[in-house]
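**Student:** Pasting in a structure now, in structure tokens, and then I'll have a few things to ask.
Rule-based calculations on the coordinates, nothing more; no lab input. All figures in this text were calculated on a predicted structure; none of them were measured in a lab. Glycine gets a Cβ as well: all are built from the backbone with ideal geometry, and neighbour counts include every protein chain shown.
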Amino acid sequence: MFIGHFAVALAAKTKAPTLPLWTLMSASQLLDFAWCALILAGIEKVRIDPTLRGSPFDLYDMPYTHSLPAALLWSLAAGFAASLAFPRLRLAAALIAGTVFSHWLLDLMVHRPDLSVGISGIKLGFGLWNWPGIELALELTLFFAAAILWWRDGGAAVRMRALALLAWLLILQLIDEIMPPPSSPAMAAISALAAYVSVSVAAWRLELHNQRVRAA
Ligand SMILES: [Zn+2]
């Protein structure tokens with residue numbers, strides 16, 4: 001799941017137009033930001049197996065980022081941080097916490113059983129990765145539904161830029177589909193991190209531009 005996570009951020013943005021989009025985009029991938037860092041640090045583990053369907057990742061050890069208790073803790077912490085950062089925005093904490101946790105729910109749909117219910121023990125995952133066509137259709141449906149909602153919300157002056165951001169997300173999804181599997185866990189983490197940071201920066205630049213247009 002890549003672009004589907006960002007769909008949640010776009011939908012959440014329509015509920016709180018003054019909450020910066022880059023924070024929502026980052027929140028939707030917070031668990032993966034943490035995963036990238038812990039993979040690079042050697043604390044969580046992944047095996048790359050090109051024979052697997054859909055995704056080449058055998059995510060056999062990620063208790064601190066993708067177990068249910070960890071996902072809940074990350075969500076609560078992010079919600080608390082949002083309540084401090086945006087004290088006057090009533091929905092900020094709930095939207096940020098919900099967006100962070102949505103990552104786990106969407107991963108649950110697509111991952112093979114690698115998401116621990118506790119810190120260890122039973123692992124869940126409905127495995128849509130094993131049916132790549134269905135998985136991609138789900139992601140794109142989520143994305144286009146949220147993108148239409150969000151795009152209709154934008155002012156006319158910024159719509160072309162908004163389309164550019166949506167196009168960038170589709171390009172990243174396409175790259176993800178056609179690229180060969182990464183050569184190592186570190187490369188997987190670095191390329192994922194680069195994609196996520198590029199989306200957050202693009203969202204930040206878009207809203208900076210919007211503010212300038214509105215101020216002019
Ligand atoms: Zn994830």
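**Student:** Would you kindly state how much longer the chain becomes between ALA215 and ILE122 on full extension, computed as 0.36 nm times their sequence separation minus their alpha carbon distance, in nm to one decimal?
**Tutor:** That works out to 28.1 nm of additional length.
**Student:** Okay, next question. Expected output is a single nm value to one decimal: the length gained when fully extending between LEU105 and ALA41, i.e. 0.36 nm times separation in residues minus the C-alpha distance. What is it?
**Tutor:** Values: separation 64, 0.36 × 64 = 23.04 nm, distance 2.53 nm.
Extra length from LEU105 to ALA41 when fully extended: 20.5 nm.
**Student:** If you stretched the chain out fully between ILE48 and MET187, how much longer would it get, using 0.36 nm times the residue separation minus the C-alpha to C-alpha distance?
**Tutor:** Gain on stretching ILE48 to MET187: 49.0 nm.
**Student:** Calculate, for ALA77 and ALA137, the FRET efficiency according to 1/(1 + (r/R0)^6) with r their C-beta to C-beta distance and R0 45 Å; round to the nearest 0.05.
**Tutor:** Working: r = 33 Å, r/R0 = 0.74.
Here the calculated transfer efficiency is 0.85.
**Student:** How large is the dipole of the chain about the Cα centre if only Lys and Arg carry +1 and Asp and Glu carry -1, each at its Cβ, rounded to the nearest 20 debye?
**Tutor:** Charge dipole, the chain, about its Cα centre: 900 debye, nearest 20.
**Student:** Can you check how the C-alpha radius of gyration of segment 3-210 compares to 2.2 N^0.38 Å, as a plain ratio?
**Tutor:** For segment 3-210, the normalised Cα radius of gyration comes out at 1.00.
**Student:** So for the chain, taking the charge dipole from beta-carbon charges (+1 Lys/Arg, -1 Asp/Glu), which of ALA37, GLY54, TRP22 sits furthest toward the positive end?
**Tutor:** Value: TRP22.
**Student:** Hey, quick one: spin label on LEU84, modelled 7 Å out along Cα-Cβ, who in segment 50-75 has an amide N within reach, i.e. under 16 Å?
**Tutor:** Within reach of a label on LEU84: 74-75.
**Student:** What does the helix-only formula give at 222 nm for the chain: each DSSP H stretch with n ≥ 4 adding -39500 (n - 2.57), the total divided by the residues, and the result rounded to the nearest 500 deg cm²/dmol?
**Tutor:** Working: 9 runs with 146 residues, N = 216.
Calculated mean residue ellipticity at 222 nm is -22500 deg cm²/dmol.
**Student:** So, one more: Run down the lysines and flag those whose C-alpha is under 30 Å from the C-alpha of LYS45, throwing out any fewer than 8 positions away in its chain.
**Tutor:** List returned: LYS123.
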